[in-house]
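Please treat every number below as a calculation from the coordinates, not as lab data. What you see is a predicted model; the values in this text were computed from it and never measured. Quick reminder, even Gly has a Cβ in these numbers, built from the backbone with ideal geometry, and neighbours come from all protein chains shown.
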Amino acid sequence: MMITAITVVLSALLIWTVINLIALPLPSVKETSIEEPFVSILIPVRNEERNIPPLLKSLELLSYDNKEIIVLNDNSTDSTGDLLASASESVQTIAGEKLPDGWVGKVHACHQLGKKASGDYYMFIDADVRLHPNAVETALAAFRKDTGLISGFPKIPLKSLLGHLLVPMQHFLVYVHLPVLLANATAWPPASAAHGAFMMFRADAYEQAGGHAAVRNDIVEDISLMRQVKRSGWQALLINPLRFVTCYMYETNAEVWNGFSKNIYNGIGRKLFAGAGVMLLYSSLFAAPAGIAVYGALTGEWVYLLPLLIGFAIKFLVDSAAGYPRWLFLLMPLSALSFIALLLYAIYRDMTKKGVIWKGRVYE
């Protein structure tokens, strides 16, 4: 009876995932633009000495002319400032102000960038993002008449062990659970997903939504901003920017663990009941089927392999759409267990009031 229930639920999720992947826009790279609105490319950086040289090179290769590039150095303590000093004249660098009380560091940096920008569109990217030379044209073409914001989960190269296990779970959570049709066709705020490494606003929509000041103390500011845009009357569009945005997100196991632990529990509203539900769901649907399949193989009850195979199919589809190595689906049970462990760790830090540590700052 339990196997039947798990199989039915996973089969429904497989169908749901296929619908989501079909519904998710996958823009093709555009080489020309009929209109050439003024675009502000806005980049907050803090202790990013590893990323500054390739970032600047990526910016130099952009083919779109009608733009400004502004990089804000958010009180870096490494050689970020020295590296930015070597940027070309096309890149304007500014020094960030001291972080005021009640603000998250990145949010405050983006707020300052927004005040400095003068474009018709604001493209916020992270320092670890590399843009395709035609990225600006491609992003502009994705906008519709009533679209105030586009965002999406970029292509992310994988390096560490935890990177292979946990980084693809970002795409998995969105493509398997989000109602993409509702997210893109309605202004319903709960149906929202965004990735802070790539968010492009129509300037009017950004201002009407209150900009980053409206989410000043939110660790998961990207989703909150998308909801703000929807509340202000604009459409917010989730796309798959695989072809023109690449994010070199985390290189080490520690970076993966610390980076995701700051978002995972906050992303479900820091609600213990919701966290318990997520852990139960992932343990029963994506971790337990591995053990069930072993039992089935040993006893010759091959029907017991179905839950694992369906889970593999879901992961394979998501990884293929996101540009990850397609063999990663084989690690799905380990990814589910790692995801559960990460959520438990985030809940522990929250309940013990240890706060979130990021970029040398602690947020309680």
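Among HIS177, HIS164, HIS132, the largest mean-square fluctuation in a Gaussian network model of the chain, built with springs joining Cα atoms closer than 10 Å, belongs to HIS177.
Shown in residue order for the stretch 3-11 are the 3J(HN,Hα) couplings computed by the Karplus curve 6.51 cos²θ - 1.76 cosθ + 1.60 at θ = phi - 60°: 4, 4, 5, 4, 5, 5, 5, 5, 5 Hz (x for Gly and Pro). Please report how far the C-alpha centroid of the stretch 281-345 lies from that of the stretch 127-206, rounded to the nearest whole angstrom. Centre-to-centre (Cα) distance: 25 Å. Mean residue ellipticity, 222 nm, helices only, the chain: the sum of -39500 (n - 2.57) across DSSP H runs of n ≥ 4, divided by residue count and rounded to 500, is -13500 deg cm²/dmol. The angle between the Cα long axis of helix 105-116 and the main principal axis of the chain comes to about 40°, on a 0 to 90 degree scale. Considering only ALA12, ALA287, ALA205, the Gaussian network model of the chain with Cα springs below 10 Å gives its largest mean-square fluctuation to ALA12. When restricted to Cα atoms, the stretch 228-322 yields an Rg and a Dmax of 18.6, 58 Å, respectively.
Taken about its Cα centre, the stretch 247-363 carries a charge dipole of roughly 600 debye when the Cβ of each Lys and Arg holds +1 and the Cβ of each Asp and Glu holds -1.
Exactly which trypsin sites (Lys or Arg not before Pro) in the stretch 1-105 are in a DSSP loop and have at most 12 other Cβ atoms within 10 Å? Filter output for the stretch 1-105: LYS98. Expressed to the nearest 5 percent, the antiparallel share of DSSP beta bridges inside the stretch 130-252 is 45 percent. How would you classify the stretch 14-90 from its alpha-carbon gyration tensor, with a ≥ b ≥ c the square roots of the eigenvalues: rounded for a/c under 1.5, else prolate if a/b is greater than b/c, otherwise oblate? Judged from the Cα gyration tensor, the stretch 14-90 comes out oblate (a/c at least 1.5, b/c at or above a/b). With the dipole of the chain worked out from charges on the C-beta (+1 for Lys and Arg, -1 for Asp and Glu) around the Cα centre, which of HIS164, PRO179, ALA109 lies farthest toward the positive end? Value computed over the given set: PRO179. A cut-off under 13 angstrom between Cβ atoms defines the neighbours of GLN208, and their net charge, with Lys, Arg +1 and Asp, Glu -1, is 0. Charges were assigned to the Cβ only: +1 to each Lys and Arg, -1 to each Asp and Glu. The resulting dipole of the chain about its Cα centre is roughly 880 debye. Among SER118, SER151, SER88, which one shows the biggest mean-square fluctuation in a GNM of the chain, springs joining Cα atoms closer than 10 Å? Among SER118, SER151, SER88, the largest mean-square fluctuation in the Gaussian network model of the chain belongs to SER88.
Among the listed values [x] 23.2, 82; [y] 20.9, 70; [z] 20.6, 66, the one matching Rg and Dmax of the Cα atoms in Å as calculated from this structure is [y]. Considering only GLY277, TYR248, ALA197, and ranking their Cα positions along the charge dipole of the chain that arises from unit charges at the beta-carbon of Lys, Arg, Asp and Glu, the one farthest toward the positive end is GLY277. Across the options GLY152, PRO133, TYR64, the greatest Cα extent toward the positive end of the charge dipole of the chain (unit charges at beta carbon of Lys, Arg, Asp, Glu) belongs to GLY152. For ALA313, the shell of other residues with beta-carbons less than 13 Å away shows a net charge of +1, using +1 for Lys and Arg and -1 for Asp and Glu.
Per-residue packing, averaged as other Cβ atoms within 10 Å, sorts the ranges 294-307, 217-230 into the order 217-230, 294-307, beginning with the highest.
When +1 charges are put on Lys and Arg Cβ atoms and -1 charges on Asp and Glu Cβ atoms, the dipole computed for the stretch 192-239 relative to its Cα centre reaches about 140 debye. The calculated FRET efficiency for the pair ARG216 and THR4, based on their C-beta separation and a Förster distance of 56 Å, comes to about 0.70. Using only Cα atoms and rounding to the nearest 10 degrees, what angle (0 to 90) does helix 332-351 make with the longest principal axis of the chain? Taking Cα atoms only, the helix is inclined about 60 degrees. The antiparallel fraction among DSSP beta bridges confined to the chain stands at about 40%. Normalised by the number of residues in the chain, the average gap of Cα pairs under 8 Å and 6 or more apart makes the relative contact order 21 percent.
Evaluated over the stretch 26-172, the count of Lys pairs having alpha-carbon atoms less than 24 Å apart is 20 (only pairs 8 or more residues apart or interchain). Across the stretch 148-167, the residues whose backbone nitrogen lies under 16 Å from the label position 7 Å along the beta-carbon direction of ALA341 are 160-167. Taken as Cα centroids, the stretch 73-124 and the stretch 6-50 sit 24 Å apart, rounded to the nearest whole angstrom.
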